1. With a ≥ b ≥ c taken as the square roots of the eigenvalues of the C-alpha gyration tensor of the range 50-143, please select rounded if a/c is under 1.5 and otherwise prolate if a/b is larger than b/c or oblate if it is not?
2. Would you kindly find the accessible area of Ser175, with a 1.4 Å probe and non-protein molecules such as ligands, DNA and RNA excluded, rounding to the nearest 10 Å²?
3. Along the Cα→Cβ direction, 7 angstrom out, place labels at Thr68 and Asn271. What is the inter-label distance in nm?
4. How many angstrom lie between the C-alpha centres of the range 50-64 and the range 280-320?
5. Once you place label points 7 Å from the Cα toward the Cβ at Asp126 and Asn220, how far apart are they in nm?
6. So, in Å, what gap is there between the alpha-carbon centers of the range 143-178 and the range 72-115?
7. Mind giving me the FRET efficiency for Val161 and Thr287? R0 is 22 Å, r the Cβ-Cβ distance, nearest 0.05 is fine.
8. Using a 7 Å offset from Cα along Cα-Cβ at Arg295, what residues in the range 190-229 end up with backbone N under 20 Å from the label point?
Amino acid sequence: MRKTIGKAMAATTSLALALSMAACGSSSENAEEATKVGGTITIWTWEQPGKAFEAAAKGFEEANPGTTVKVENVGNPAIWDKITTGLAAGGQGLPDIMNVGIDYIGGYMDKFPDAFADLSDYGADDLKDDFPSGVMKSATRDGKIYGLPFEVNTGALVYDVKMFEEAGITEDDISTWDGFIESGKKLKEKTGNYMFGINKACTGNANCGDTWQIITALQNSFYFDTDGNITMNGEAGVKAMELIKEANDAGIIIELPGTSDDSSWQVQQGNVATLVDRSYLPGVLKTKFPDAKNRWKVTALPAVEEGGLRSVVPGATYLSVANASKKQEDRLGVHQVRARHHGRPKGHV
């Protein structure tokens, strides 16, 4: 429930900032005129977050008569090609608001520094402490904020309660990766089922590196450090590969097809006990597989070492406003509004 509310609040907040720029021309005469919100705002996103966008948009439209939020499901990964093409063309063809992944926004800001509106001008500075500092940092350059978090996805282990019971496995048994692998061997011996899945050859599956990334992040490491030096071949990255190899050699990893929807495919097989994924997944599974209600439970990720980290942020998305959008409020009006509303434009939730 907290996750759902948080996501809706983030969406509504970001929409409010973006929508407060709508429909006011560059000739506003006073602060009252500058606070008016109206017109149609177009958002590019994809299927799953699109549903949350639509729910938040309805609330904003009701609170601000005269506004229309048009949510376009561009698809993932198709959205990245469309955004990149629009940015390379100087913003032509882009929507007003883009749903941008954490693994893309940094590259976009570096390559297209003038592509996104600085949301600091619209009160985003007042909101940055409401989100994880690392996530906010990924959308900030030189003190300017180019995206507000819409989703912050915490890593989690989702497991099949019945399979664990049949194999005699408890959550305490999987508190570390060593214990997780040993439990996987026990599961395979007693039930014939697999512990988790990976598209080992990485043949087209967009998430094929997620498990490695999660295990590496649990050791406070990543593909590169803050100075841009490659670190994936360091001690943490090698340790992650060793654990994955150990699990594979033990025969507890099922091969995922290159074009599969990872979680759905594994659930449909009926022989995979855990999903090394994100904490929102049980809600997705409940929607997709209503007959499997109460079958899946979520717990913390296994630590690499006893007492080590058991939580990471494997993914996040932002709402960014295209600088090419013709629906931005004029800067004079914005500053008048900020002074009047203590930094928060009308329509802010």
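The values are calculated or read from the model by the stated rules, or taken from the named source; none is laboratory data. Every value quoted in this text rests on a predicted model; they were computed, and no experiment measured them. A quick note on method: Cβ atoms are made from the backbone with ideal geometry, for glycine too, and the neighbour counts reach across all protein chains shown. The protein model used for the area step is the full one, side chains on, heavy atoms only, and it has no ligands, DNA or RNA in it. Shrake-Rupley method; radii C 1.70, N 1.55, O 1.52, S 1.80 Å.
1. Details: a/c = 1.66, a/b = 1.13, b/c = 1.48.
Judged from the Cα gyration tensor, the range 50-143 comes out oblate (a/c at least 1.5, b/c at or above a/b).
2. Accessible area, nearest 10 Å²: 30 Å².
3. Taking the simple label geometry, Thr68 and Asn271 are separated by 5.2 nm.
4. One Cα centre to the other: 26 Å.
5. 3.6
6. Spelled out, the Cα-based centre of one part sits 29 Å from the other.
7. Numbers: r = 18 Å, r/R0 = 0.83.
In this case the efficiency is close to 0.75.
8. Counting backbone N atoms under 20 Å from the label point, the list is 190-198.
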